[in-house]
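Quick notes on the structure that follows.
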Amino acid sequence: MKILPLEETTLSALLIKEFKTGSRSMVKKIILHGSVSVNGKPAMQPNFAVKPGDVVEYLKFKASPDSYDCPFPVLFEDEHVIVVEKPAGILTYGEKGTSGTSLYRELTDYLRERSKGKEKIFVVHRLDREVSGILIFAKSENIQERIKENWKETEKRYYAVVEGTPEKTEGTLENWLIEGYDKKVFVVKQERPGAKFAITHYKTLKTLETTTLLEVRLETGRKHQIRVQLSEMGYPIVGDFSYGADKKIKRRIRLHAFFFTFPHPVTGQRIELSTRMPKGFLTFGDHDEKYKW
């Protein structure tokens with residue numbers, strides 16, 4: 001459904017008029033769940049300004065009203081994919097020998113109940129248990145393969161708070177990484193069997209008293225890539241005790257996947273999603289920050 005604005009207005013006001021509804025909350029939910037695009041790009045802010053000449057498109061299947069009850073915030077959903085925001089402290093996918101639940105299991109149970117067993121999900125990528133942020137799941141094996149085949153077309157950005165202040169305000173980290181028997185990843189000086197080349201770009205967003213907020217962009221997707229490479233540079237992520245962070249204060253790992261963009265596996269339309277920085281991300285206390293999950 002395409003809508004052509006006749007005057008300058010906000011996205012929510014335009015949709016309220018178009019849908020002939022007085023329910024601002026309904027329109028807000030439609031926008032926040034990624035159902036509307038302006039000039040081919042997702043628009044997820046109700047106050048987004050539109051004007052004559054813009055093309056506003058409403059794709060009804062993108063947001064399922066039922067997804068409002070999902071145990072995790074749904075950033076985008078249609079018949080092919082579902083994208084959610086993962087909280088820190090829960091596994092993406094439970095592996096043999098691990099205890100507790102996983103986001104995959106919780107989301108699978110929710111979708112199974114909602115669809116009476118018709119909907120399934122398939123893991124496309126993962127975030128470490130301690131890391132929060134955007135995760136995408138496919139709703140069929142075919143879609144899973146399509147997304148993976150075009151993975152180089154995706155872009156992922158993270159917020160990372162590191163100890164100290166890097167000498168350069170921005171740069172690129174390139175290392176060979178290999179996983180040890182203890183499942184920790186470490187840097188090796190040159191290529192060798194089992195080693196994978198990793199490229200990470202970073203830039204300083206804010207310098208704090210004893211820490212620094214970085215924006216990190218991945219060019220490759222290796223296990224623990226950001227954590228290992230920042231630690232190797234001499235600036236471990238706050239709370240990342242496995243990779244050299246100060247253990248004096250108990251705190252969660254300050255790493256959050258806040259931005260993700262990918263070409264839709266069916267329509268080819270570029271989907272661009274972002275989340276806010278988690279509450280308390282830049283503050284640290286002397287108490288144990290317990291996970292919800």
Inset, instruction - Kindly establish whether residue 234 is on the phi > 0 side of the Ramachandran plot, assigned by TED's automatic domain parsing to the domain that holds residue 79, of a type in the set (Gly, Ala, Ser) and at pLDDT 95 or above. - result: yes
Legend entry - Test: residue in the stretch 131-141 that is modelled with pLDDT of 95 or more, in the same structural domain as residue 256 (by TED's automatic domain parsing) and part of a helix (DSSP H, G or I): yes
Inset, instruction - Determine the pairs where a residue that is closer than 24 Å to residue 253 by Cβ and not assigned by TED's automatic domain parsing to the domain that holds residue 125, located within the stretch 143-158, has a partner that is among the aliphatic types (A, V, I, L, M) and buried (at least 19 other Cβ atoms within 10 Å of the Cβ) with Cβ atoms under 6 Å apart, the partner being 6 or more residues away or on another chain. - result: none
Inset, instruction - Within the stretch 240-269, track down each residue that is of a type in the set (Lys, Arg), at pLDDT below 90 and either surrounded by 13 or more Cβ atoms within 10 Å (Cβ to Cβ) or in contact with a Cys (Cβ under 8 Å, 6 or more places away or on another chain) (or both). - result: 250, 251, 252
Inset, instruction - Say whether the condition of being under 19 Å from the mean Cα position of the chain (by Cα) and either part of a loop (DSSP other than H, G, I, E, B) or within 21 Å of residue 133 (Cα to Cα) (or both) is met by at least one residue in the stretch 228-237. - result: yes
Inset, instruction - Give the stretch 1-48 a look and list any residue that's among the β-branched types (Val, Ile, Thr), crowded, with 16+ Cβ neighbours inside 10 Å and either in contact with a Leu (Cβ under 9 Å, 6 or more places away or on another chain) or within 24 Å of residue 267 (Cβ to Cβ) (or both), or say none. - result: 3, 27, 30, 31, 36, 38
Legend entry - Residue check for residue 170: within 29 Å of residue 279 (Cα to Cα), surrounded by 13 or more Cβ atoms within 10 Å (Cβ to Cβ) and assigned by TED's automatic domain parsing to the domain that holds residue 218: no
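The values are calculated or read from the model by the stated rules, or taken from the named source; none is laboratory data. Since this is a predicted model, take the numbers as computed values, not measurements. Cβ sites come from the backbone with ideal geometry, for glycine too, and all protein chains shown count toward neighbours.
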